[in-house]
Ligand code: SF4
């Protein structure tokens with residue numbers, strides 16, 4: 001049976017106009033190859049521009065209201081439809097790649113085992129990495145938290161009199177609030193990844209770990225570029241927009257005093273850092289200036305180069321459904337006349353390693369597959385989570401930073417388990433989400449109304465006779481209540497859905513009648 005999404009993937013009329021590249025002749029490369037939807041059709045959107053919904057409002061440590069921000073995203077139908085379809089398309093591409101590799105499940109098991117082994121011997125591998133990197137002339141620094149990371153990088157830049165820094169995308173630097181810190185000390189940071197640069201110019205966080213501006217329509221990008229680099233606001237042609245950004249950014253890249261990258265994998269036996277990109281921007285950041293700084297989360301260590309092959313095969317296939325990233329760059333030591341610094345960052349990772357139920361979240365390789373498949377994420381956008389990490393992986397990482405602030409996030413899940421099924425390193429994501437719910441109740445971080453409702457439900461469900469009586473009463477009421485009682489602004493169950501008509505007979509009474517069972 002064909003689902004709506006499958007029809008959409010075939011290029012049918014259900015696709016959002018931004019994704020309708022398959023039958024669009026303008027979306028073909030000169031050699032006839034169809035451009036991927038990420039490159040998109042070059043024709044401007046014909047639909048009216050819809051204002052871009054903004055993400056969750058964050059107030060200190062007050063609990064982030066993901067549902068409120070999600071409701072605003074859903075209320076913007078162009079954005080919601082495009083976002084849902086674009087990410088589901090990535091999920092389908094991931095599935096096609098997965099089916100092309102007979103040993104996929106063995107690879108996942110191996111990747112999981114390598115990560116678990118490394119995490120349980122992390123001290124040894126970190127020391128091995130430090131020694132090998134140092135032997136190649138790399139300066140290795142240790143940062144216990146985000147503030148220390150920022151201070152260390154500032155110090156390195158200060159030692160070189162650097163005032164401008166180009167950097168490639170790094171979720172760790174997002175976690176450290178790095179750009180804001182650099183702005184406060186007068187250092188200009190230029191993001192070199194296109195999606196991340198769009199987000200920087202729009203003063204927004206990335207909404208996805210791999211595709212940071214995936215929640216934006218092309219018209220949104222056109223508006224951002226018109227405001228910041230002076231492009232034509234009416235022109236949302238992707239080639240025009242990308243070329244304009246290239247022209248605006250290239251002189252900044254060429255003139256930068258220092259370059260910075262993140263790290264996908266840090267190989268202990270070689271002391272090298274591996275960065276995977278599709279735009280080659282990490283190579284620009286690392287190789288153009290004479291100073292290269294790499295920020296590395298301590299969980300990014302893998303023991304050997306042979307292990308890297310396992311992860312490289314899984315990463316891009318899981319992330320974008322492509323066999324490999326365009327650039328898999330290895331950085332091992334400084335070029336003659338230049339300097340290289342590695343900053344190893346803990347920022348709560350050691351504490352997480354000690355959490356019995358949650359330590360395996362450190363296996364994450366930030367592929368984003370769990371986000372692409374999650375029905376809640378796809379329909380609410382990454383910025384609704386109000387945190388560095390969104391989607392299913394965010395639900396289990398964010399509360400480790402601040403349980404109160406992110407106490408509502410573990411409830412933004414259907415617990416359908418799809419995230420666990422696609423995770424290339426076999427993290428039991430949905431089980432950890434459920435474990436967080438229990439943990440938050442224990443820590444008294446559940447809202448009073450929800451606690452009371454759950455307590456009442458628990459009482460009812462533990463008394464079969466009372467439960468059956470309540471169901472019968474609810475069925476009778478549903479059949480006769482006027483519509484406004486169910487469909488109103490107060491009752492969340494009546495929003496965006498028609499409550500089904502109650503059956504004439506409950507399953508329980510049917511079973512007793514037809515099977516004679518006592519239960
Ligand atoms: S939890 Fe798994 S699926 Fe999600 S981003 Fe991390 S590695 Fe990818």
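We did not get these values from a lab; they are worked out from the coordinates using the rules stated. Fair warning: this is a prediction, and the values are worked out from it, not measured in the lab. With ideal geometry, Cβ positions are generated from the backbone for all residues, glycine too; neighbour counts draw on all protein chains shown.
Numbers below:
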quantity: Verdict on residue 240 being outside any loop (DSSP other than H, G, I, E, B), out of contact with any helix residue (DSSP H, G or I) (no Cβ under 8 Å at 6 or more places or on another chain) and surrounded by 16 or more Cβ atoms within 10 Å (Cβ to Cβ); calculated: yes
quantity: Matching helices (runs of 4 or more DSSP H) fully within the stretch 295-373 where at least 2 residues are away from the ligand (no atom under 15 Å from the Cβ) and touching a helix residue (DSSP H, G or I) at 6+ places or on another chain (Cβ under 8 Å); calculated: 349-353
quantity: Qualifying residue in the stretch 267-279 (condition: within 18 Å of the chain's Cα centre (by Cα), crowded, with 23+ Cβ neighbours inside 10 Å and either in a loop (DSSP other than H, G, I, E, B) or touching a residue at least 60 places away in the same chain (Cβ under 8 Å) (or both)); calculated: yes
quantity: Qualifying residue in the stretch 435-458 (condition: within 16 Å of the ligand (Cβ to nearest atom) and within 30 Å of residue 393 (Cβ to Cβ)); calculated: yes
quantity: For residue 440: the one exception among (1) more than 17 Å from residue 208 (Cα to Cα); (2) within 17 Å of the chain's Cα centre (by Cα); (3) part of a helix (DSSP H, G or I); calculated: (2)
quantity: Selected residue (only one of 465, 473 is surrounded by fewer than 10 Cβ atoms within 10 Å (Cβ to Cβ), under 30 Å from residue 441 (Cβ atoms) and either over 43 Å from the mean Cα position of the chain (by Cα) or without any contact (Cβ under 8 Å) to a residue 40 or more places away in the chain (or both)); calculated: 465
quantity: Residue check, residue 366 at positive phi and either under 17 Å from the mean Cα position of the chain (by Cα) or surrounded by fewer than 20 Cβ atoms within 10 Å (Cβ to Cβ) (or both); calculated: yes
quantity: Residue under evaluation residue 425, criteria (1) farther than 27 Å from residue 310 by Cα; (2) within 11 Å of the ligand (Cβ to nearest atom), criterion not met; calculated: (1)
quantity: Residues (crowded, with 22+ Cβ neighbours inside 10 Å and within 14 Å of the ligand (Cβ to nearest atom)) located in the stretch 392-421; calculated: 392, 393, 394, 395, 396, 397, 398, 413, 419
quantity: Failed criterion for residue 452 (all others in (1) surrounded by 10 or more Cβ atoms within 10 Å (Cβ to Cβ); (2) closer than 30 Å to residue 116 by Cβ hold); calculated: (2)
quantity: Pick from the stretch 376-391, criterion assigned to a helix (DSSP H, G or I) and away from the ligand (no atom under 15 Å from the Cβ), ranking: surrounded by the fewest Cβ atoms within 10 Å (Cβ to Cβ); calculated: 379
quantity: Test: residue 197 is without any contact (Cβ under 8 Å) to a residue 60 or more places away in the chain, more than 26 Å from the chain's Cα centre (by Cα) and part of a helix (DSSP H, G or I); calculated: no
